[in-house]
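Contents: one structure, followed by commentary.
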Amino acid sequence: MDYFGLFYVNDYPFLMLVWNLFLALTPFFIFFILRDYWQKTKFKKIWQKFLAGILFFLWLIFLPNSAYLIVGVRHLLNFCPAASANSVCVAGTWEIMYFFVFSALGWIFFVIFLKQMRSLLAKIFNPKVSRLAVFILIPFVSLGVLFGLTERFNSWDIFFNLLAIFQNLLKYLTDWEYFRNFLVFTAGFYLLYFLGEYLFGKKIS
């Protein structure tokens, strides 16, 4: 479907997927800036540590964008009318692979970016700290994805809409329906990370 020159797949604009892909790659570039900065300075001075903290924080708030690609599969919901033969829409069957590929990229990016940071933290601190960081960061990623999915927050809203973010955080901690989503997403991201690390983690430098 084409509206105003934009290509749509199941009523979802292709350009939006391109934008999400760009955001998903942002932590990748921030990581290399941080890694190169570490290699050059070793963060020996206080102001170097402060700047490194800023870079890490930017990496952190953009990291959920990588995992956010995974939820792109939601656009397949109800893509096929119930009366369709064998419950399959022949004309739209290709959409399954279209959204699956984007979701698979999200899984791969999520594992790679977190594994890269884990390796860097092991060098800066020690392996124990890096392992602990993974267990702490994954729930953050889960919340970030949910905030983007259900509340429509962007990474930069932490600078411009911090109060609303805290209000929604409270909702996820006090409302069972929201908290259940958080638990399921967090468990899912733990599974995806450790499964991905087992399958292709050794190939990530």
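The values are calculated or read from the model by the stated rules, or taken from the named source; none is laboratory data. Quick caveat, the model's predicted, so the values are computed rather than measured. Note: ideal-geometry Cβ built from the backbone for every residue, glycine included; neighbour counts use all protein chains shown.
Structural remarks
- Residue check for Asn86: of a type outside the set (Phe, Trp, Tyr), modelled with pLDDT of 95 or more, out of contact with any Ser or Thr (no Cβ under 6 Å at 6 or more places or on another chain) and assigned to a helix (DSSP H, G or I): no
- Residues in the stretch 171-195 that are surrounded by 14 or more Cβ atoms within 10 Å (Cβ to Cβ) and either in contact with a Lys or Arg (Cβ under 7 Å, 6 or more places away or on another chain) or within 13 Å of Val141 (Cβ to Cβ) (or both): Tyr178, Phe182, Phe185, Thr186, Gly188, Phe189, Tyr190, Leu192, Tyr193.
- Selection status of Ile112, of a type in the set (Val, Ile, Thr), buried (at least 18 other Cβ atoms within 10 Å of the Cβ) and out of contact with any Leu (no Cβ under 8 Å at 6 or more places or on another chain): yes
- The requirement of being assigned to a helix (DSSP H, G or I), surrounded by 15 or more Cβ atoms within 10 Å (Cβ to Cβ), more than 16 Å from the chain's Cα centre (by Cα) and free of Cβ contacts under 8 Å to residues at least 12 places away in the same chain is fulfilled somewhere in the stretch 120-142, by at least one residue.
- Number of the exception - Glu151 against (1) over 16 Å from the mean Cα position of the chain (by Cα); (2) surrounded by 13 or more Cβ atoms within 10 Å (Cβ to Cβ); (3) among the charged types (D, E, K, R): (1)
- In the set (1) over 22 Å from Gly201 (Cα atoms); (2) in a helix (DSSP H, G or I), the condition left unmet by Ser155 is number (2).
- Residues of the stretch 28-67 that turn out to be in contact (Cβ under 8 Å) with a residue 12 or more places away in the chain and assigned to a helix (DSSP H, G or I), as a count: 21
- In this structure, Phe7 does not satisfy being at pLDDT 80 or above and not polar (S, T, N, Q).
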